[in-house]
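Notes follow once the structure below has been shown.
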Amino acid sequence: MKNRQVLPENASFETLSVRAGTVRSAEREHSEAMYLTSSFTYDSAAQAAAVFAGEEEGNVYSRYTNPGVRMFEERMMALEGAEEGCATGSGMAAIMGICMAHLKAGDHVVCSRSVFGTTVTLFAKILAQFNVSCTFVDLTDLDQWLDAMQPETKMLFLETPSNPLGDVADLEGIAEIAKAGDALFVVDNCFCTPALQQPLAWGADIVIHSATKFIDGQGRCMGGIALGSKELIQPMHLWQRAAGASLSPFNAWVLLKGLETLKLRMDAHCRNAQQLAWWLAEHPKVVDVHYCGLPHHPGAALARKQQQGYGGVLSFEVDGGRKAAWKVIDGVQVMSRTANLGDTRTTITHPASTTHCRLSDDDKQKAGIVEGLIRVAAGLENVEDLKADLERGLQEL
């Protein structure tokens, strides 16, 4: 690819967020171009054959080679400190791609039970159809991770901080367990993004993102990506070529635009979430607040060690179960009642009946998803307006 912008080796995170991976066409555009094409042409039949054979650099078909998608991959690689990346149509597609690239019938996975509900479904039901078994463990209990290891264990999977309780995993400790068992350690970094946490630096082998969330940052499109070494990500590229779980070139361009403001936005999300957490912790109608930026949170010390901020997502509990939680949610006027997160707009949802609704009652209990739990993903509105909005909802109790 021609006209690649070369950056200094010591370029900062903010500079990488704006410029890493930038490749300009012959037109020398300033903002990244969108390559909205399904296929690419060649000067000759011989050149086409060379590109298809991998003997000459070039693009073949946007299902698996597109310049805009590659720019997004390379920018994320720079931010996460990864050697290779593979972008997909969604975060779940990224998780599935890594599983299909590295698991086979008879293999075993150890997964935190404190993950996104659909991730639980993937490991417990979808992969089970292919004779891949999974043991779910407490995210923060290293002994459970160790005890769950089997000779067939090929992958350890978690997200940290967790959704929706904000539990924090000991990345170094779990990385040691994975290494000792010759298993891959995969981390979903959706809640923190590389602006706040780089799991590869703490021993993870692969990092997963739902770019739909904070990477885009404005709720505009879907996307996902897996990042790691060339050795580990290349098999996923081969799977994607056959499976077609591709990132749209238009969405890649949108995600590139989102990355330009990632650090600014994450700092603001963190500030608003921290202030809301402190305010809710003092509220007489709130039973408990789950946010790793609060001193009483069991993961606070680990979060300070591993993260450059506590994130934009918090949850809190009210007495009265589902009925009370729904009253609070229905009482807000500013916040968006939606299960998505990572938006400039603050969102509010009831995990037990939305994001984790497909879990059994027993699995919900084990994961701490009680009926009175409410999750808030702090956006970029004025925090006093957000406090007043939650107050409106809480006054319904």
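The values are calculated or read from the model by the stated rules, or taken from the named source; none is laboratory data. For clarity, every value in this text was computed on a predicted model and none was experimentally measured. Note that each Cβ is placed from the backbone with ideal geometry, even for glycine, and that neighbours are counted across all protein chains shown.
Quick look at the numbers
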{"quantity": "Those residues of the stretch 325-335 which are outside any helix (DSSP H, G or I) and buried (at least 18 other Cβ atoms within 10 Å of the Cβ), in sequence order", "calculated": "V332, M335"}
{"quantity": "For L386: the one exception among (1) crowded, with 21+ Cβ neighbours inside 10 Å; (2) in a loop (DSSP other than H, G, I, E, B); (3) not aromatic (F, W, Y)", "calculated": "(2)"}
{"quantity": "Residue list for the stretch 222-236, restricted to those being surrounded by fewer than 19 Cβ atoms within 10 Å (Cβ to Cβ) and in a helix (DSSP H, G or I)", "calculated": "K230, E231, Q234, P235"}
{"quantity": "Wholly enclosed strands (runs of 3 or more DSSP E) of the stretch 92-202 bearing at least 1 residues touching a Lys or Arg at 6+ places or on another chain (Cβ under 6 Å) and touching a residue at least 24 places away in the same chain (Cβ under 8 Å)", "calculated": "133-137"}
{"quantity": "The stretch 252-289, subset of a type in the set (F, W, Y) and surrounded by fewer than 20 Cβ atoms within 10 Å (Cβ to Cβ), residue nearest to F13 (Cα to Cα)", "calculated": "W278"}
{"quantity": "From the options G219, G244, residue that is surrounded by fewer than 24 Cβ atoms within 10 Å (Cβ to Cβ), of a type outside the set (D, E, K, R) and within 21 Å of G117 (Cβ to Cβ)", "calculated": "G219"}
{"quantity": "Selected residue (only one of F72, F130 is among the aromatic types (F, W, Y), touching a strand residue (DSSP E or B) at 6+ places or on another chain (Cβ under 9 Å) and at pLDDT 95 or above)", "calculated": "F72"}
{"quantity": "Criterion (surrounded by fewer than 16 Cβ atoms within 10 Å (Cβ to Cβ), under 30 Å from A273 (Cβ atoms) and not small (G, A, S)) met by exactly one of T121, T140", "calculated": "T121"}
{"quantity": "Test: residue in the stretch 312-324 that is in contact with a Cys (Cβ under 7 Å, 6 or more places away or on another chain), touching a residue at least 60 places away in the same chain (Cβ under 8 Å) and either surrounded by fewer than 23 Cβ atoms within 10 Å (Cβ to Cβ) or not assigned by TED's automatic domain parsing to the domain that holds T140 (or both)", "calculated": "yes"}
{"quantity": "Residue within the stretch 46-60 that is assigned to a loop (DSSP other than H, G, I, E, B), modelled with pLDDT under 95 and within 22 Å of G223 (Cβ to Cβ) present", "calculated": "yes"}
{"quantity": "Test: residue in the stretch 207-226 that is farther than 18 Å from G89 by Cα and touching a Cys at 6+ places or on another chain (Cβ under 9 Å)", "calculated": "no"}
{"quantity": "Verdict on K305 being in the same structural domain as G368 (by TED's automatic domain parsing), touching a residue at least 60 places away in the same chain (Cβ under 8 Å) and of a type in the set (K, R)", "calculated": "no"}
{"quantity": "Residue within the stretch 363-383 that is of a type in the set (D, E, K, R), within 20 Å of Q197 (Cβ to Cβ), exposed (fewer than 15 other Cβ atoms within 10 Å of the Cβ) and in contact with a Phe, Trp or Tyr (Cβ under 9 Å, 6 or more places away or on another chain) present", "calculated": "no"}
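Residue by residue, here is whether (1) over 30 Å from V60 (Cβ atoms); (2) under 18 Å from the mean Cα position of the chain (by Cα); (3) of a type outside the set (G, A, S); (4) in a helix (DSSP H, G or I) holds:
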residue: D216; (1), (2), (3), (4): no, yes, yes, no
residue: A242; (1), (2), (3), (4): no, no, no, yes
residue: R271; (1), (2), (3), (4): yes, no, yes, yes
residue: C292; (1), (2), (3), (4): yes, yes, yes, no
